[in-house]
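Notes for the one structure printed next.
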Amino acid sequence: DAGVTQSPTHLIKTRGQQVTLRCSPKSGHDTVSWYQQALGQGPQFIFQYYEEEERQRGNFPDRFSGHQFPNYSSELNVNALLLGDSALYLCASSFYRYEQYFGPGTRLTVT
Amino acid sequence: AQTVTQSQPEMSVQEAETVTLSCTYDTSESDYYLFWYKQPPSRQMILVIRQEAYKQQNATENRFSVNFQKAAKSFSLKISDSQLGDAAMYFCAYRSLEGGADGLTFGKGTHLIIQP
């Protein structure tokens, strides 16, 4: 049984560009949450998707947007990248409101 | 809004000894979950233990146990018989059970070092 997978593992972007990160949830899970983890910090909640809709959003600007597909996989999009967007982006999946299982993350570097 | 505070940036313990990691939180809610997650250098966040606020009994998972003091808003993690594989960042996290809020609120973490 595959766990939560994320792609890509690493990527480097230039300030002002746009990026898309992808997440496939654990089998049987229907809810996906995204977190941003800056170096040396704990993860911060970005938003959560359930039934293809954004159910909850943390304190992040509109440059951060997402999508959930009918197969429950999800994308995180960040527009107009800033240097401060450099971080580890974690995806977590759950069945409805039960326990969240995390993926290995995508390391984004903005130069 | 809820906040989670981990006041120990780093802790060190001898292999086979016991260590306690501290966590305090601030909330006005009465119903919630608390978690301890482990993040090894591989970066994948792994759930260590969970505590439901309505349960008075402290959660235990093998060598890991918590001391949950609801009135004091304290939630510490005790690791017994420490092993080299326990070395990692440990994060305390809060999850509301009120409304539709499922996003986890994390502390800044404690770096646990195991001395052989």
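The values are calculated or read from the model by the stated rules, or taken from the named source; none is laboratory data. Fair warning: this is a prediction, and the values are worked out from it, not measured in the lab. We place every Cβ from the backbone using ideal geometry, glycine too, and count neighbours over all the protein chains shown. Heavy atoms of the whole protein, side chains included, go into the accessibility calculation; ligands, DNA and RNA do not. Shrake-Rupley method; radii C 1.70, N 1.55, O 1.52, S 1.80 Å.
Applying the condition of being open to solvent by less than 50 Å² (accessible area, probe 1.4 Å) and out of contact with any Ser or Thr (no Cβ under 7 Å at 6 or more places or on another chain) to segment A:12-28 and asking which residue is farthest from residue A:102 (Cα to Cα) yields A:19. Listed by position, the strands (runs of 3 or more DSSP E) contained in segment A:29-111 that have at least 2 residues being at the interface with chain B (Cβ under 8 Å from one of its Cβ atoms) and crowded, with 20+ Cβ neighbours inside 10 Å are A:31-37, A:44-50, A:87-94.
Among residues of segment A:33-47 that are among the aromatic types (Phe, Trp, Tyr), those with a Cβ under 6 angstrom from a residue that is at pLDDT below 95, sequence gap 6+ or separate chain, pair up as A:45/A:58; A:45/B:103; A:47/A:54; A:47/A:57. For segment B:86-116, taking the residues that are open to solvent by less than 20 Å² (accessible area, probe 1.4 Å) and not in a strand (DSSP E or B), the one that is nearest to the other protein chains (Cβ to nearest Cβ) is identified as B:103.
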